[in-house]
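Each value in this text was obtained by applying a stated rule to the coordinates, not by laboratory testing. Computed from a prediction, not measured in an experiment: that's the story for all the values here. With ideal geometry, Cβ positions are generated from the backbone for all residues, glycine too; neighbour counts draw on all protein chains shown.
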Amino acid sequence: MTINKIVLLRHGQSEWNELNKFTGWHDAKLSKKGKNEAKNAALLLKKKKFSFDYAYTSVLKRAIHTLGYILDKLDQNWLPVKKSWRLNERHYGALEGLNKNEVIEKYGEKKVMLWRRSFNITPPIINIQDLRFPGNDIRYSNLNIKKIPLGESLETTAKRVIPYWEKTIYPELKKNKKILIVAHGNSLRALIQYLYKIDNNKILSLDIPTATPIIFDFDENHIPINWYYLT
């Protein structure tokens, strides 16, 4: 049986991860630890003799820079890379930039866990006049302002991730191309749920570690049959 593989990878730890802040679409840099995590992931992929035909990532630098470390170590800097906002992290609305512990103190752990871990509950939305609104960022200037989220649940995150998979990435998989996707905890969670048909409640307990390659095996009909962490 022919097996095709794709590799999914969450970016290394960001500076805002380190500070325990809701990050979302904020363009946080990799922390020192995150850079080392990205390098270690690159070394692991090299050791396992991975190479790729295409790479996909978000428009956020923590994912872009993680991908850069990997391509450099694999000596594949020339690889075609497609960047899309559709692979961005979930937008945390008005919570972005706030310390998670302080938000818990203000709103209570139960409510914050609903915002963080429920499938279809959106956190408090951001005001379009807020300086944090992504519409103020040049990288989203080509988007219809109505498409720019003010806050997202996992469900609404999936509604932008899955069409990108189906229209842009999956056609290359069907050509047996070797694919690497470097993205974020929630955009990858949405994709994994879709590919492996995970229940809406069970997917919430899936915690995706930073810079740990996830391998998806597909059969000859390009149907996912297995997934696991590369160690």
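Structure notes:
- Of the residues 175, 35, 100, the one that moves most in a GNM of the chain with alpha-carbon contacts below 10 Å is 175.
- Inter-site label distance for residue 231 and residue 139 at 7 Å from Cα along Cβ, in nm: 3.3 nm
- Annotation: aspartates and glutamates with alpha-carbon distance below 20 angstrom to residue 110 (same-chain offsets under eight excluded): 96, 102, 152, 155, 207.
- The fewest-to-most ranking of 153, 118, 205 by surrounding Cβ atoms within 10 Å reads 205, 118, 153.
- Rounded to the nearest 20 debye, dipole of region 60-105 from Cβ charges on Lys, Arg, Asp, Glu: 260 debye
- Distance from region 95-117 to region 1-68 (C-alpha centre basis), Å: 26 Å
- The string of couplings for region 64-78 from the Karplus curve (6.51, -1.76, 1.60, θ = phi - 60°) is 4, 5, 4, 4, x, 4, 5, 5, 5, 5, 7, 6, 10, 4, 7 Hz, one whole number per residue in order, with x for Gly and Pro.
- One decimal place: the segment residue 198-residue 111 gains 28.9 nm when fully extended, by the rule 0.36 nm per residue minus the C-alpha distance.
- Set 49/175; 46/159; 32/159; 177/197; 73/178 screened for pairs whose C-alpha atoms are more than 28 Å apart: 46/159; 32/159
- What you get for the chain, charging only the Cβ of Lys and Arg (+1) and of Asp and Glu (-1), is a dipole of about 320 debye around the Cα centre.
- Order of 11, 222, 26 under a 10 Å beta carbon neighbour criterion, fewest first: 222, 26, 11
- Annotation: Cα Rg of the chain relative to the compact-globule expectation 2.2 N^0.38 Å equals 0.99.
- The phi-based Karplus calculation (6.51 cos²θ - 1.76 cosθ + 1.60; θ = phi - 60°) puts the 3J(HN,Hα) values of region 214-231 at 10, 9, 10, 9, 10, 7, 5, 9, 6, 9, x, 10, 6, 8, 6, 7, 7, 10 Hz, whole numbers, x for Gly and Pro.
- Burial ordering of 57, 168, fewest other beta-carbon atoms within 10 Å first: 168, 57
- Extension gain, residue 168 to residue 223: 0.36 nm times the residue separation minus the Cα-Cα distance gives 18.2 nm.
- Taking Cβ atoms as reference points and 15 Å as the exclusive limit, the residues near residue 109 contribute a net charge of +4, counting Lys and Arg as +1 and Asp and Glu as -1.
- Considering only 115, 180, 101, the residue lying farthest towards the positive end of the dipole of the chain is 180, judged by Cα position with unit charges set on Cβ.
- Here the simple spin-label model places points 7 Å from the Cα toward Cβ, and for residue 178 and residue 99 these points are separated by 4.5 nm.
- Calculated diffusion of region 124-210, Stokes-Einstein form, Kirkwood radius summed over Cα pairs, 37 °C and 0.692 mPa s, µm²/s: 220 µm²/s
- Selection among 76, 31, 171 by position relative to the dipole of the chain gives 76 as farthest towards the positive end (Cβ unit charges, Cα centre).
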